[in-house]
Amino acid sequence: MIIAPSILSADFTKLGVQVKEAEKAGADWIHVDVMDGRFVPNITFGPMIVKAVRRATTLPIDVHLMIVEPEKHLQAFADAGTNHLTVHYETCPHIHRTLENIRELGMSPGIVINPGTPINTLEELPQYFEKVLIMTVNPGFGGQSFIPSMYEKIRKTRDFLKKNGSKAMIQVDGGISPETIKACYQAGADNFIAGSAIFGHQNGIAAGIKALREALK
């Protein structure tokens, strides 16, 4: 199971230190949420932060673009050191081309769907992506509560991928904690993004990652 700490919840006065701490504690990937204030209400950061994270870790960097016109910025994130790049179905009118371009730039392409976007929107796309990110909250802010109906959506996504012969991962993001992670796994998810459950854990980053691993047993 892949645990990907989201730096959205990190202390930015010591970002490099916390990324290194997450790697030492057994994180599999480092997750970076990019928000533009247009597709989502919040604004976060861009390729410069990805470059900084790249200098701090050897782990794969997983970037989630919550932005309009993501196709204009693919090269910049590739150059910054991104390994996995995920774009929203809702922002890409030419989604096939965008996913192909991500792969051509040497990154693993992923597709994201919001809680209100149905799974059948992916019907023509399985061969173009290596990961489906199911948003289990409405995107735009960290620290939100998990939407319970998303368990069924994860199950439907797993059935959809199996039906189409896809080996794509199912990633989940939003409200992932020791209380929600096992049910997500049982529903079919195998890649878990967690922010406050790791960086906000009262006993530190290592304890946060350990708690998630323990909950998966």
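The values are calculated or read from the model by the stated rules, or taken from the named source; none is laboratory data. If you're wondering where the values come from, they're calculated on a predicted model, not measured in any experiment. Glycine also receives a Cβ, built like all others from the backbone with ideal geometry; neighbour counts cover every protein chain displayed.
So which of Q171, Q144, Q202 ends up being closer than 25 Å to F12 by Cβ and touching a Lys or Arg at 6+ places or on another chain (Cβ under 8 Å)?
Result: Q171 is the single residue among Q171, Q144, Q202 that is closer than 25 Å to F12 by Cβ and touching a Lys or Arg at 6+ places or on another chain (Cβ under 8 Å).
List pairs: first residue in the range 170-195 and more than 13 Å from L212 (Cβ to Cβ), second residue in a strand (DSSP E or B) and of a type in the set (D, E, K, R) anywhere in the structure, Cβ distance under 6 angstrom, at least six positions apart or on different chains.
Listed by first residue and then by second, the contacts come to Q171/K131.
Only one residue in F129, F199 is without any contact (Cβ under 8 Å) to a residue 40 or more places away in the chain, among the aromatic types (F, W, Y) and surrounded by 20 or more Cβ atoms within 10 Å (Cβ to Cβ), so which one is that?
Going through F129, F199 in turn, the sole match is F129.
Only one of these is at pLDDT below 95 and of a type in the set (G, A, S): G188, G143. Name it.
Selected residue: G143, the only one of G188, G143 that is at pLDDT below 95 and of a type in the set (G, A, S).
Scan the range 45-65 residue by residue and report those that are more than 13 Å from A22 (Cβ to Cβ) and modelled with pLDDT of 95 or more.
G46, P47, M48, I49, V50, K51, A52, R54, R55, V63, H64, L65
Sort out which residues of the range 148-191 are closer than 16 Å to P115 by Cα and of a type in the set (A, V, I, L, M, F, W, C), and write them in order of number.
M150, I154, I170, V172, I176, C184, A187, A189
Is it the case that T121 is in a helix (DSSP H, G or I) and of a type in the set (S, T, Y)?
Taking the combined requirement at face value, the residue satisfies it.
Can you list residue pairs whose Cβ atoms sit under 6 Å apart, with the first residue in the range 81-108 being modelled with pLDDT of 95 or more and the second being of a type in the set (D, E)? Count only pairs 6 or more apart in sequence or on different chains.
Close Cβ pairs satisfying both conditions: H84/D62; T98/E71; S108/E130.
What single numbered condition from (1) of a type in the set (G, A, S); (2) exposed (fewer than 13 other Cβ atoms within 10 Å of the Cβ); (3) under 22 Å from D28 (Cα atoms) fails to hold for G175?
(2)
State whether one or more residues within the range 157-168 are within 22 Å of L15 (Cβ to Cβ), hydroxyl-bearing (S, T, Y) and in contact with a helix residue (DSSP H, G or I) (Cβ under 6 Å, 6 or more places away or on another chain).
Checked the range 157-168: no residue is within 22 Å of L15 (Cβ to Cβ), hydroxyl-bearing (S, T, Y) and in contact with a helix residue (DSSP H, G or I) (Cβ under 6 Å, 6 or more places away or on another chain).
I'm checking my understanding of the structure. Among residues of the range 178-196 that are surrounded by fewer than 21 Cβ atoms within 10 Å (Cβ to Cβ) and not aliphatic (A, V, I, L, M), which one is nearest to T13 (Cα to Cα)?
Residue satisfying both the conditions and the ranking: S196.
If we keep just the residues of the range 33-47 that are more than 16 Å from the chain's Cα centre (by Cα) and of a type in the set (A, V, I, L, M, F, W, C), which is nearest to G142 (Cα to Cα)?
Once the filter is applied, the top-ranked residue is I43.
Return only the number of the condition from (1) farther than 25 Å from S108 by Cα; (2) crowded, with 17+ Cβ neighbours inside 10 Å; (3) over 15 Å from the mean Cα position of the chain (by Cα); (4) touching a residue at least 12 places away in the same chain (Cβ under 8 Å) that M150 does not satisfy.
(1)
Of everything in the range 100-114 that's in contact with a helix residue (DSSP H, G or I) (Cβ under 6 Å, 6 or more places away or on another chain) and part of a strand (DSSP E or B), which residue is surrounded by the fewest Cβ atoms within 10 Å (Cβ to Cβ)?
This residue is I113.
Taking the residues in the range 1-20 that are polar (S, T, N, Q) and more than 15 Å from the chain's Cα centre (by Cα) as candidates, determine which candidate is surrounded by the most Cβ atoms within 10 Å (Cβ to Cβ).
Filtering first and then ranking leaves Q18.
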